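Everything on this sheet refers to the single structure shown next.
The values are calculated or read from the model by the stated rules, or taken from the named source; none is laboratory data. Everything numeric here is computed off the predicted structure, so don't read it as measured data. Cβ atoms come from the backbone with ideal geometry, glycine included; neighbour counts cover every protein chain shown. Please note that ligands, DNA and RNA were not included when accessible areas were found on the heavy atoms of the full protein model with its side chains. Shrake-Rupley method; radii C 1.70, N 1.55, O 1.52, S 1.80 Å.
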Amino acid sequence: MDKRARERIVAKCERFVTAWTAPGDPAETFRALADRVGPRLDVYGGGDSVQRLESRVAELLGKDAAALFPSGTMAQQIALRIVCDRSGCSTVGFHPQCHLDVHEERGYAHLHGLHARPIGNRNRLIARADLDEVGEPLGALLLELPQRDLGGQLPAWRDLRAQTSWARRNGVALHLDGARLWQCRPFYRRPLREIAALFDTVYVSLYKDLGGLGGCVLAGPEDVIAEARVWRIRHGGRLSTYEPMALSAERGLDAILPRMPALVRKAREIGVALAEVDGIDVVPDPPQVAMLHVHVRGDLERLQDVVLEIAKERRTLIAGYLAPTAVTRVQMTEISVGPATLDVSTDEIAELYAELVRRAAKPRRARAR
Ligand SMILES: Cc1ncc(COP(=O)(O)O)c(C=O)c1O
């Protein structure tokens, strides 16, 4: 099926199992922002809305200072550059599936001359024992909570503490890729500031989970954040206004963050229900945050076609994409649970995924009869 035909089917969908595929109502978003806007728009990040947001996130994360950035890609390179400059060591340790390495064209190396030291196995989380294998000085250790490319896995609190203590003992700066840190509180049963306290610098996204119009916040010590603001200019990140990012992020903090425990419960429910379906595996099993990966048995193209058949018949999009895995005839998709997901009952999600596997297993001709 060509791209246009696919888009036409998706455009007619009314329900979306994975939150980021839900188009939302742009006009409603802008109306809601209009209600929040003050007498003056932010100019170059100095406005009230931006300062309010920065203080609010700093407070939530228990950090002295915070700054708004146009993207996590920019903010994290800058955080690592600063702490590595200070330690005089340009090597950064991180998981082999670290976002900076896999999805950001290795900007940290090209723009900042930093070197990567992958730690542990790409198919599981970093464990305390992996750190003993590093065997070379590190300028920084970056941990990602939750680890997105592993379906949103989190280390046990005790293991996380052991890893961060190792870094402290060895004088290694700790940076948290907390793109989806908002989802972690129910698993750890601790306030975000207690999780963030294990790290020197923390990045959180404003558009993942919170549904903002882009951007992120980098939080940490006053002097690091002051220097990060200089690097933000060097990176071309001093926007003429951050108003839409700041206002929409505040809206997310007010309206979505308090719902996070319910979203995590829903992800867990979906995981439990899908794990019962023949031909489906859930990663992790059970889900730990408001996302999960679903591994589905079947041929890639056939599964993609059936997702669209179901979308057409039921006006429900059950998967935003399907991608191959290392296992032949097993494909994966990511379910990110957001407010839109709550509109589809867990039983129906399991029923639709079972239907997906069943139809995909039938040869095309047999189905046509
Ligand atoms: C774990 C993780 N870190 C960092 C980023 C980068 O964020 P941004 O899209 O704001 O550059 C992403 C984006 O998907 C992410 O998933």
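One line per residue, one yes/no per condition, for (1) closer than 14 Å to VAL224 by Cβ; (2) open to solvent by 10 Å² or more (accessible area, probe 1.4 Å):
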{"residue": "VAL37", "(1), (2)": "no, yes"}
{"residue": "ARG40", "(1), (2)": "no, yes"}
{"residue": "SER49", "(1), (2)": "no, no"}
{"residue": "SER55", "(1), (2)": "no, yes"}
{"residue": "LEU60", "(1), (2)": "no, yes"}
{"residue": "SER71", "(1), (2)": "no, yes"}
{"residue": "LEU80", "(1), (2)": "yes, no"}
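Name the single residue, out of those in the stretch 1-21 being open to solvent by less than 30 Å² (accessible area, probe 1.4 Å) and outside any helix (DSSP H, G or I), that is nearest to TYR207 (Cα to Cα).
Checking each candidate, the answer is THR18.
Results for (1) in contact with a Gly (Cβ under 8 Å, 6 or more places away or on another chain); (2) of a type in the set (Asp, Glu); (3) under 24 Å from HIS235 (Cβ atoms); (4) at pLDDT below 95, shown as yes or no for each residue.
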{"position": "ILE82", "(1), (2), (3), (4)": "no, no, yes, no"}
{"position": "SER87", "(1), (2), (3), (4)": "yes, no, yes, no"}
{"position": "ALA109", "(1), (2), (3), (4)": "no, no, yes, no"}
{"position": "LEU125", "(1), (2), (3), (4)": "no, no, no, no"}
{"position": "GLY139", "(1), (2), (3), (4)": "yes, no, yes, no"}
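All but one of (1) within 16 Å of the ligand (Cβ to nearest atom); (2) buried (at least 23 other Cβ atoms within 10 Å of the Cβ) hold for GLU105; which doesn't?
Among (1) within 16 Å of the ligand (Cβ to nearest atom); (2) buried (at least 23 other Cβ atoms within 10 Å of the Cβ), the lone unmet condition for GLU105 is (2).
Determine whether ARG148 is in contact (Cβ under 8 Å) with a residue 40 or more places away in the chain and basic (Lys, Arg).
yes
Over 30 Å from ILE318 (Cβ atoms), part of a strand (DSSP E or B) and of a type in the set (A, V, I, L, M, F, W, C): is that true of ALA79 in this structure?
For ALA79, the condition - over 30 Å from ILE318 (Cβ atoms), part of a strand (DSSP E or B) and of a type in the set (A, V, I, L, M, F, W, C) - is not met.
Which numbered condition in (1) over 30 Å from ARG259 (Cβ atoms); (2) touching a Phe, Trp or Tyr at 6+ places or on another chain (Cβ under 6 Å) is the only one that TRP157 fails?
All conditions are met except number (1).
Given VAL204, VAL224, which one is surrounded by 18 or more Cβ atoms within 10 Å (Cβ to Cβ) and within 16 Å of the ligand (Cβ to nearest atom)?
Criteria check complete, one pass: VAL204.
Within the stretch 227-244, take every residue that is in contact with an Asp or Glu (Cβ under 9 Å, 6 or more places away or on another chain) and surrounded by 21 or more Cβ atoms within 10 Å (Cβ to Cβ) and give me the one that is farthest from GLY38 (Cα to Cα).
Only one residue fits best here, namely TYR242.
Considering only the stretch 329-352, state which residues are more than 14 Å from ARG314 (Cβ to Cβ), polar (S, T, N, Q) and either surrounded by fewer than 16 Cβ atoms within 10 Å (Cβ to Cβ) or out of contact with any strand residue (DSSP E or B) (no Cβ under 8 Å at 6 or more places or on another chain) (or both).
The one that is more than 14 Å from ARG314 (Cβ to Cβ), polar (S, T, N, Q) and either surrounded by fewer than 16 Cβ atoms within 10 Å (Cβ to Cβ) or out of contact with any strand residue (DSSP E or B) (no Cβ under 8 Å at 6 or more places or on another chain) (or both): THR346.
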